[in-house]
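To keep things clear, I will list the structure first and then write my remarks on it.
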Amino acid sequence: MIKVQAIAFFGRMIHRCSNWLVVTAMISGVYTLRELEEAIASDPDNWRPIVFTNGCFDILHAGHVRYLQAAKGLGRSLVVGLNSDASVQAIKPQQPGLPPRPIVPENQRAEVLAALKPVDAVVIFSEITATKLISILKPDIYVKGGDYQLETLPEAPAVIAGGGKISLIEIEVPSSTSAIVKRILDLDAGPPDRKQQTVS
């Protein structure tokens, strides 16, 4: 319980520190929806075919990176819709024994994503789904992980209505933010000699 409280405290401190960071609009590769819409309209040949995906991307791991690399290979540019802190909290309610999500605040998640080589643009959205973004940006290809099904994708109708295609990419590394957090908690709960070995 102490460890969970410590992680939660750390998360709150990250959120507070985010106020000291450069505002999202000034981070290279991070756009507002209007800015991104205008950028694509002014130079479509530089953007299309657009590959679009969305998610929380809370604590990045190898699975995220390989997924984004594969997505970028399907088109000219890769746009990532990033769930805001509020929408993450709505779709990932706190689980017993675990800290509240997200661990990392939206501006920092956006900055890290934008710095990845496959990613051309990041746009934060506050809705539960990315349907609004898709309806406006009209991506040529919509990508989600292979653990999804077309029948259960809430964004699918908007993609099809905009003339886009849907591609499901199998995640090469089975991992998740929740699994990483649980492993940290398990390591901390281990015997003293085990904890000493993992300090370095």
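The values are calculated or read from the model by the stated rules, or taken from the named source; none is laboratory data. These figures come from a predicted structure and were not determined experimentally. For neighbour counting, all protein chains shown are included, and Cβ atoms are generated from backbone atoms with ideal geometry for every residue, glycine included. Accessible surface is based on the protein model in full, side chains and every heavy atom, while ligands, DNA and RNA are left aside. Shrake-Rupley method; radii C 1.70, N 1.55, O 1.52, S 1.80 Å.
Structure data summary
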item	result
Surface share of carbon and sulfur [accessible, 1.4 angstrom probe, percent] for the range 42-100	50
Å² of accessible area per residue within the range 55-147, as computed with a 1.4 Å probe and no ligands counted	40
Proximal aspartates and glutamates to Lys182, defined as alpha-carbon separation beneath 19 angstrom and excluding residues fewer than eight positions away on the same chain	Asp58
Nearest-0.05 FRET efficiency for Asp186 and Lys165, computed from C-beta distance (R0 41 Å)	0.50
Exposure rank, largest accessible area first [Ile91, Ile50; 1.4 Å]	Ile91, Ile50
Paramagnetic label zone (point 7 Å from Cα along Cα-to-C-beta, Arg48; backbone N under 12 Å) in the range 123-166	137-141, 163-164
Radius 13 Å from Cβ of Leu153, net charge of other residues (Lys, Arg +1; Asp, Glu -1)	-1
Under-5 Å amide H pairs with Ile124, H placed in peptide plane, nonlocal only	Tyr31, Leu82
Extension gain, Ala62 back to Ser135 (0.36 nm per residue minus Cα-Cα distance, nm)	23.3 nm
